[in-house]
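The values are calculated or read from the model by the stated rules, or taken from the named source; none is laboratory data. Computed from a predicted structure; not experimentally measured. Ideal geometry is used to build each Cβ from the backbone, glycine not excepted, and the neighbour counts take in all protein chains shown. Note: accessible area is taken over every heavy atom of the protein model, side chains too, but ligands, DNA and RNA are not part of it. Shrake-Rupley method; radii C 1.70, N 1.55, O 1.52, S 1.80 Å.
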Amino acid sequence: MKFFIDTANLAQIKEAHELGILDGVTTNPSLMAKEGIKGQEAIFNHYRAICDLVDGDISAEVVSTDFDGIIEEGKKLAAIHPNIIVKVPMIKDGVKAIKWFTDNGIATNCTLVFSAGQAILCAKAGAKYVSPFIGRVDDSGWDGVQLVQQIANIYAVQGFKTQVLAASIRNANHIIRCAEAGADVCTCPLDSILALLKHPLTDIGLAKFLEDAKKL
Ligand code: G3P
């Protein structure tokens with residue numbers, strides 16, 4: 001399973017990258033706004049900065065919702081860097097746009113996916129990634145990881161090439177369960193990645209080893 005970081009914060013991207021386990025980055029308009037980035041030039045420069053930090057797929061989301069607008073915006077985003085993946089919402093014009101991007105050699109990530117039916121549509125349209133939102137599914141009283149498993153099973157049975165990118169990850173257990181469920185990629189906040197490191201018995205064991213090492 002690949003690890004992406006789900007943030008537009010350059011310091012956090014750098015920290016995850018320095019850990020040596022980072023395969024890519026996902027962003028969305030909310031994450032970009034959180035960094036205080038305003039205006040097209042600043043947004044494009046920020047994507048350039050992310051691409052300079054990480055040599056992997058970088059998802060950049062369109063904010064248009066009509067076919068022509070999505071195509072125009074997606075072409076501009078894709079032209080920023082060869083690693084940019086155009087992130088398109090799961091709406092009717094979004095599906096049409098994903099098919100257009102697929103036919104024109106532009107890779108896409110279909111976002112805001114909450115059902116297996118939506119995941120089938122984005123695979124049929126040729127998206128490189130499908131992004132089921134695990135945490136938000138959990139918030140609505142369902143099991144987000146079960147959705148990842150269902151999509152992974154359908155893709156395996158049908159031979160779809162679209163990769164399952166588990167998004168809206170809220171904790172370390174989500175990451176572990178998504179790995180078990182067959183996610184190809186998990187995009188995670190930095191604190192969920194770092195939480196994977198932690199175990200009290202590791203800390204207790206290390207303290208004892210270091211204490212005993214003084215006797216050597
Ligand atoms: O990148 C989209 C997704 O990961 C959003 O997560 O926590 O806002 O549901 P969240």
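Residues considered: 102, 187, 26. Largest GNM mean-square fluctuation over the chain, using C-alpha springs under 10 Å, is found at 102. Amide H contacts of residue 188: 4, 5, 6, each under 5 Å away and 5 or more positions distant or on a separate chain (H built 1.01 Å from N in the peptide plane; Pro and chain starts excluded).
Would you please give the FRET efficiency between residue 92 and residue 33, computed as 1/(1 + (r/R0)^6) with r the Cβ-Cβ distance and R0 = 35 Å, to the nearest 0.05? Numbers along the way, then the final one.
Details: r = 26 Å, r/R0 = 0.73.
Calculated value: 0.85.
Highest GNM mean-square fluctuation among 113, 63, 95, for the chain modelled with Cα contacts below 10 Å: 63. Karplus-based coupling profile of the stretch 146-158, in residue order and whole Hz: 4, 5, 4, 4, 5, 5, 4, 5, 4, 4, 5, 4, 8, with θ = phi - 60° in 6.51 cos²θ - 1.76 cosθ + 1.60 and x standing for Gly or Pro.
Each Cα pair under 8 Å and six or more residues apart adds its separation to the average, and for the stretch 1-136 the resulting relative contact order is 17 percent. Taking a straight line from the alpha carbon of residue 208, these lysines sit under 20 Å away, with near neighbours fewer than eight places off in the same chain left out: 198. For the stretch 143-216, the residue among 150, 209, 168 whose Cα projects farthest onto the positive side of the dipole built from Cβ charges is 209. A Förster radius of 30 Å combined with the Cβ-Cβ distance from residue 142 to residue 1 puts the calculated FRET efficiency at roughly 0.85.
Structural descriptor for the stretch 83-216: relative contact order 17 percent, calculated from alpha carbon pairs under 8 angstrom and at least 6 residues apart.
By the 4.7 Å beta carbon criterion, which cysteine residues of the chain come out unpaired? Cysteines of the chain left without a disulfide-compatible partner: 51, 178, 186, 188.
Per residue, how much accessible area does the chain show when a 1.4 Å probe rolls over the protein heavy atoms, in square angstrom?
51 Å²
Name the most mobile residue of 108, 162, 65, meaning the one with the largest mean-square fluctuation, in a Gaussian network model of the chain with Cα contacts below 10 Å. Evaluated over the chain, the most mobile residue of the options is 65. On the chain, 55 percent of the accessible area sits on carbon and sulfur atoms, based on a 1.4 Å probe.
In a DSSP loop and with at most 16 other Cβ atoms within 10 Å, the GluC sites (Glu not before Pro) in the stretch 26-68 are 35.
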